[in-house]
Amino acid sequence: MQFLIKFMLAPFLRLLWRPRVHGADRVPVTGPVILAANHRAEVDTVFIPLVTPRPVAFLGKAEYFTRDGLKGRLMARFLTGLGYVPVDRGNVKAGLAALDAGRTVLRAGGTFGIYPEGTRSLDGRLHRGHTGVASLALSTGAVVVPVALIGTERVRPNGRRLPRIAPVEVRFGAPMEFSRYEGLEGSPAIRRAVTDEVMDAIAELSGQVYVDRYHRRPSDDQAAA
């Protein structure tokens, strides 16, 4: 299904946005792969699967797949075709559910897309990564391919409903493997070291300024006040 959607949408995407893609041949054609990307806009999750040479699974809010009516069913089929995996993010176990969904994809030999920052960067900088990417890599043996998206924040700026035409670039880095840490998934220090190594690779690809603290959205600050 994803290949069909890519076949239909990719020419349209290339015609309108003409994305420049570098290093797509670095993505292994077989075996479990984690695509770890920076996150600038909601459209990131559209551009990555459409320029990656193999199907990519991303997490999607469960409610997107359960809406009523024909429109809801069509939306569910479209998201499934793009590779979205439904997960309930509205409870305290959401983080564990997300990791379990990722492990399922990877243990089946698939490709799983993840944004280690956990949320879109609103200030243009690359923020400290959460260690879920390391947990997935260490528990499944998947290689990690760093990905940098450049310009997607101009296609769909925060608060804008409709996308606009703007240059987009997608850069794939060299695959990273962490077999030297086999059996050490339970170590917080090892998970942090792996995550920091991945974030360094993303920063080098994207050219973003790296900030060694988690990104806080305005709503987070208001909730903490």
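Please list, ordered by chain and number, the residues whose modelled amide H lies under 5 Å from the amide H of Val21; skip anything fewer than 5 residues away on the same chain.
Val170
If I take R0 = 30 Å and measure r between the Cβ atoms of Ala189 and Arg18 in this structure, what FRET efficiency does the formula 1/(1 + (r/R0)^6) give, to the nearest 0.05?
Efficiency, rounded to the nearest 0.05: 0.10.
Residues with amide H under 5 Å of Leu35's amide H, sequence separation 5 or more or different chain, H placed in the peptide plane at 1.01 Å from N; which?
Excluding prolines and chain starts, which carry no amide H, the hits are Phe112, Gly113, Ile114, Val145.
Counting other beta carbons within 10 Å of each Cβ, put Arg77, Arg213, Arg171 in order, fewest first.
So the ranking, lowest neighbour count to highest, is Arg213, Arg77, Arg171.
Highest first, please rank the peptides 177-186, 39-48 by the mean number of other Cβ atoms sitting within 10 Å of their residues.
Output ranking for 177-186, 39-48: 39-48, 177-186.
Subtract the Cα-Cα distance of Ala174 and Asp100 from 0.36 nm times their separation in residues, and report this length gain in nm to one decimal.
24.1 nm
Please give the net charge around Gly151, taking every other residue with its beta carbon less than 10 angstrom from that of Gly151, where Lys and Arg add +1 and Asp and Glu add -1.
+1
Bear in mind that the values in this text are calculations on the coordinates, not laboratory data. Only a predicted model underlies this, so the values are computations on that prediction, with no experimental measurement involved. Heads up, the Cβs are rebuilt from the backbone with ideal geometry, glycines too, and the neighbour counts pull from every protein chain shown.
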